[in-house]
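What follows is a short report on a single structure.
Please treat every number below as a calculation from the coordinates, not as lab data. From a predicted model like this one, the values you see are computed outputs, not experimental measurements. Here Cβ is always computed from backbone atoms with ideal geometry, including for glycine, and neighbour counts include all displayed protein chains.
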Amino acid sequence: MNLAILSTNKNKYSETFIHNHVKLLPGTIHFLFDGYLPKLVSRDKGLTSFSLIEFNHKKISSFFKKRIVSEKEALESAIEYYLKKHKINAILCEYGPSGVEIMLIAKRCNIPLIVHFHGYDAYRHDILNSYGKQYKELFSIASDIIAVSKHMVEQLKALGCPQNKLHNLCYGINTTIFKPKLSVISNPVFIACGRFVEKKAPQLTIKAFELVLMKVSNAKLIMIGDGELLDECKTLTKQLNISHAVEFKGVLSQLEIAEQFNRAIAFVQHSIITPQNDSEGTPLTILEAMASDLPIVSTLHGGIIDVVINEETGFLVEENNYEQMAEKMLHLTQYPDIANAMGLKASAHINENYTIENYTQKLWDILKHSKK
């Protein structure tokens, strides 16, 4: 099977799920990336790439002869020519806007189109007010639509997606990297991992931790990642006089993240719906932390409620209630045996339901059976 995977980015560190699609799906993978309407293509899973327009320049020129065309027209023609030339059997689009950009090309080529929504593309006002206006047409043309949580399924249905095209498929994680700890951790060290963006509300995680630190003087908070709110968060720790207890690690590899997880008693993330209605799908790092024997302290938000069993594999609190989050974090420091038991249940739950092997097979089944 010749599969085209379309993604806006090639190596964005926070998009592990897309990297896994390119690396692990069987068949012959043609990876098109760089923008919602991709400009580059790789046939070796991203190791090397070339320009779609430059590669097909002579063919495009013959299509339009002497007529002056826009860059977008030329790119669309280059993509269409590439898909036909390489006899692509199915197109997997990462994110709704990418699906909108490619849908008419897929229709002309008579190639099944599968669109994988991940988060902001299903919720954020600016996306829905632009690309979202074409989502009903996209839902009509696409053969299958993939959501990553029950909440997203309902959101896409509300936007006009037929139930019979929808699949609820949460991510899977690499359990050879993220695996149970070798020893029990009782030190009051909490860890957060993810982009420093509004919907992850890292400031609220820091404020919750400040309340913990008032009662547990040796508590620590490790924060992994970068993003637009990183500097603001560093400033906040200084303003609260807790910078000595918060470590900002920056961007780390998966192996390095797994090592950091081994230092912690629990994983913390205060996801919220933003004023722009931006929302999480299902945060991959929560699954990775659970596989690493970490109980989760997070919010009743998006797909988090699908994967974290409240009061069994972690605690879920109301959005924006960082005081309640702090209470749950304190509870785990006071009762490390409970934290350990929750962590063991969490890793068992992930290994039973959310492995990368299981996820990849389910996604491949959807792709194989997609029909125009």
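Quick notes on this structure:
- Charge sum, other residues only, whose C-beta stays under 15 Å from residue 180's C-beta, Lys/Arg counted +1 and Asp/Glu -1: 0
- Protection proxy ranking, highest mean first, for peptides 241-253, 199-211: 199-211, 241-253, where packing is the per-residue count of other beta-carbon atoms within 10 Å, averaged.
- Surrounding net charge for residue 354, when Lys and Arg each add one and Asp and Glu each subtract one, Cβ distance under 12 Å: -3
- Per-residue HN-Hα couplings for region 129-141 [Karplus 6.51, -1.76, 1.60; θ = phi - 60°; Hz; x = Gly/Pro]: 7, 10, 4, x, 5, 9, 5, 4, 5, 4, 4, 6, 7
- Whole-number percent relative contact order across the chain, with pairs defined as alpha carbons under 8 Å at least 6 apart: 16
- In plain terms, the chain from residue 51 to residue 351 could stretch by 104.0 nm, reckoned as 0.36 nm per residue minus the Cα-Cα distance.
- For the chain, the residue among 176, 29, 135 whose Cα projects farthest onto the positive side of the dipole built from Cβ charges is 29.
- Normalised contact order of region 266-321, rounded percent, pairs of Cα under 8 Å and 6 or more residues apart: 38
- Cα gyration tensor category, rounded, prolate or oblate, for region 285-372 with a/c compared to 1.5: oblate
- Options 7, 358, 243, ranked by Cα towards positive dipole end of the chain, top entry (Cβ charges): 7
- In order along region 244-256, the phi-based Karplus estimate (6.51 cos²θ - 1.76 cosθ + 1.60, θ = phi - 60°) of 3J(HN,Hα) comes to 5, 10, 10, 9, 9, 9, x, 7, 10, 6, 4, 5, 5 Hz; Gly and Pro are listed as x.
- Dimensionless Rg/Rh of region 168-315 - Kirkwood Rh, Rg from C-alpha atoms: 0.94
- Within the chain: Cβ-based charge dipole about Cα centre, in debye rounded to nearest 20 (Lys, Arg +1; Asp, Glu -1): 1780
- ³J(HN,Hα), Karplus 6.51/-1.76/1.60, whole Hz, each residue of region 211-217, x for Gly, Pro: 5, 5, 5, 4, 10, 10, 5
- Helical contribution to [θ] at 222 nm, DSSP H n ≥ 4, -39,500 (n - 2.57), averaged over the chain, rounded to 500: -12500 deg cm²/dmol
- Anisotropy class of region 214-272 from Cα gyration tensor, a/c 1.5 cut: oblate
- Cα lying deepest toward the dipole's positive end in the chain, options 201, 100, 272, charges on Cβ: 100
- Pair residue 371, residue 341: separation of 7 Å Cα→Cβ label points (nm): 5.1
- Packing-based ranking of 269-275, 91-97 yields 91-97, 269-275, ordered from highest to lowest mean Cβ neighbour count within 10 Å.
- Additional length obtainable on full extension of the chain from residue 247 to residue 277, 0.36 nm per residue less Cα span: 7.8 nm
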